[in-house]
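Here the structure is laid out as structure tokens; the discussion comes afterwards.
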Amino acid sequence: MHAALYFPQSKPPFLTDQVLVISQVLNQRPASLVELKMLSKKASCDSHGQDSSYFLGWQEYEKNPYDQVQNPNGIIQMGLAENQLSFDLIESWLASNPDALELKRNGESVFKELALFQDYNGFPAFKNEMVDFMASMRGNKVKFDPSKLVLTAGSTSANETLMFCLADPGDAFLLPIPYYPGFDRDLKWRTGVEIIPIKCTSANGYKITETALEEAYQQAQKFNLKVKGVLVTNPSNPLGTTMTRLELNHLIDFAIEKEIHIISDEIYSGTVFDSPSFVSIAEALTERNLEDAEVWNRCHIVYSLSKDLGLPGFRVGMIYSNNQAVVSAATKMSSFGLVSAQTQYTLSQMLKDKKFTANYMEENQKRLKRRKEMLVCGLKGAGIRCLESNAGLFCWVDMRHLLESNTFEAEKKLWKKVVCEFGLNISPGSSCHCSEPGWFRMCYANMSEETLMVAMQRIKALVESTVVPQQTGLSKSRWLKNKWVFQLASYEREPDR
């Protein structure tokens, strides 16, 4: 089956086949029919996506995690988009501002105030700081109203809540491929909403075109699905690229023509470390003076502090919408996933320090750029290239030349080899519903420089074991000898570009 085809939730054949094959290789025991019959239809359906290769790689890593000293032969986690590069900056601020973490105000405890029942609208002080922070990352070209902000327990909850607000079970949203594998869970599993792919390819750098939008819409019509909107990630996960103004205008024109919603997931907006600069959907609408148009009320932004501040464990997400009905409904739904009062208090104090946040964002972007260049340089040294990117915590890596054939089965085989033989958990393109086999997402901000260098040595060994024997006829055993022994070679980085 083609990885990017639409599958109704009741019969997802690609995911089913994938689970059966990969679970055998990675020793995962699928649930028995007896066990499934004891559960509800929702709990037993396959649309959660937990059994995709994206999550199965995580499971293998957790069984055998790499540690430079304790487990140097373990699996290196390159499948987790986590920003660990600037924790020292946050920890330094907390050390200098102990009241924020100790839940004090001017030296006096506010523990009781925070521990008692809190209204699910959220703290006004925190929401005020959040909209200021969002505006500053957009160069203050757009302003945000805190009364239009809904707090949620992370962007996962924000995206699902918007699905519940905007669509009924059986309705569809259009998403450009490749897309974040977790969307199969976040958007579909509990809501009953279907995802229709907008086909984007490497031929034009995965840009969204008018033709691709219309073809996706027509595909939904063939399945008698009502299209309620388009959801994009900007900057893109897994591509690490920002949308151009042309793409944003295509999207706006399409939404106006079809009278549908736009959801712009902008959780990586603060990670943009190179040109072109980030343009929010809010800025694109404002530039066209569409504040009084109907599309203004059909545009919704998702944001969180998980990527830009590297705080996924704090579970801080939000929805921003100009539609008062959506804000009202989403606020009611947020009671199922609130942001704790303690978290709101601590972060409101941090975000209030404008000098700190400005310095943090500038330094964090420099560190991300440097780390990305390290990965690109290491891959280049192994004969592997990446899609040109300017944001995010990962690179979209072209490994098509390492496939035995131009098929998703060959991609799956290569992925198993990378995980099981070379100890690297990377995300295959098929888990992101990419339409072309051979692309992989590699994360670089969740590890030390030393660990990244070890990963690059393993990548080089992988390429040698795959390419050199094919080209020279040499035995693979020669290239796989001592496969878990990797020396830390001198690493020459390319200068920042």
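The values are calculated or read from the model by the stated rules, or taken from the named source; none is laboratory data. Treat the numbers as computed from the prediction; the structure is a model and nothing was measured. Here the Cβ positions follow ideal geometry from the backbone for every residue, glycine too, while neighbour counts run over all protein chains shown. Heads up: the accessible areas ignore ligands, DNA and RNA and are worked out on the full protein's heavy atoms, side chains in. Shrake-Rupley method; radii C 1.70, N 1.55, O 1.52, S 1.80 Å.
Charge dipole (Cα centre; +1 on Lys/Arg Cβ, -1 on Asp/Glu Cβ; no other charges) of the stretch 98-352 amounts to roughly 380 debye. At a probe radius of 1.4 Å, what is the per-residue accessible area of residue 210, in Å² to the nearest 10? Its accessible surface works out to 120 Å², give or take rounding. For the stretch 406-450, the list of GluC sites (Glu not before Pro) that fall in a loop by DSSP and count at most 12 other C-beta atoms within 10 angstrom is empty. Near the amide H of residue 446, within less than 5 Å, lie the amide hydrogens of 82, 84, all on another chain or at least 5 residues away, with H placed in the peptide plane. The label-point distance for residue 218 and residue 353, in a model that sets each label 7 Å from Cα toward Cβ, rounds to 5.6 nm. Each of 303, 270, 465 was scored by the projection of its Cα onto the charge dipole of the chain, and the greatest displacement toward the positive side belongs to 465; charges sit on the C-beta of Lys, Arg, Asp and Glu. Remark: the stretch 426-437, residue by residue, has Karplus-estimated 3J(HN,Hα) of 10, 9, x, x, 5, 5, 9, 6, 5, 7, 10, x Hz, where x stands for each Gly or Pro and the curve is 6.51 cos²θ - 1.76 cosθ + 1.60 at θ = phi - 60°. Between residue 70 and residue 91, the C-beta separation translates, for a Förster distance of 22 Å, into a calculated FRET efficiency of about 0.40.
Site pair residue 388 and residue 44 shows an inter-label distance of 5.2 nm when each label is modelled 7 Å from Cα along Cα→Cβ. With all protein chains in place and a 1.4 Å probe, the accessible surface of the chain carries 51 percent carbon and sulfur.
Accessible surface calculations at 1.4 Å, restricted to protein heavy atoms, place the chain at 44 Å² per residue. Taking amide hydrogens as placed 1.01 Å from N in the peptide plane, the amide H of residue 198 sits under 5 Å from those of 175, 177, each at least 5 positions away in sequence or on another chain.
Here the dipole of the chain is about 1000 debye; that uses its Cα centre as origin and unit charges on the Cβ of Lys and Arg (positive) and Asp and Glu (negative). Full extension of the chain between residue 102 and residue 141 yields a length gain of 10.5 nm, computed as 0.36 nm times the residue separation minus the alpha carbon distance. A Cβ-based charge dipole, computed about the Cα centre of the stretch 172-267 with Lys and Arg at +1 and Asp and Glu at -1, lands at about 260 debye.
Applying 0.36 nm per residue to the separation of residue 59 and residue 290 and subtracting their alpha-carbon distance, the gain on full extension is 78.5 nm.
Provide the percentage of antiparallel DSSP beta bridges, counting only those with both residues in the stretch 98-352; round to the nearest 5. Looking only at bridges with both residues in the stretch 98-352, the antiparallel portion is about 40 percent. What the phi angles of the stretch 263-275 give under the Karplus curve with 6.51, -1.76 and 1.60, with θ = phi - 60°, is a coupling list of 10, 10, 7, 10, 6, 9, 4, x, 9, 5, 10, 8, 6 Hz, glycine and proline written as x.
Using the average count of surrounding beta-carbon atoms within 10 Å as a protection proxy, the listed peptides 350-358, 387-395 rank, highest first, as 387-395, 350-358. The residues packed around residue 220, meaning those with a beta-carbon under 15 Å from its beta-carbon, carry a net charge of -1 if Lys and Arg are +1 and Asp and Glu are -1.
Return the subset of 188/413; 372/460; 222/332; 112/354; 369/460 for which the Cα-Cα distance in this structure is over 24 Å, preserving the input order. Cα-Cα > 24 Å for 188/413; 222/332; 112/354; rest within.
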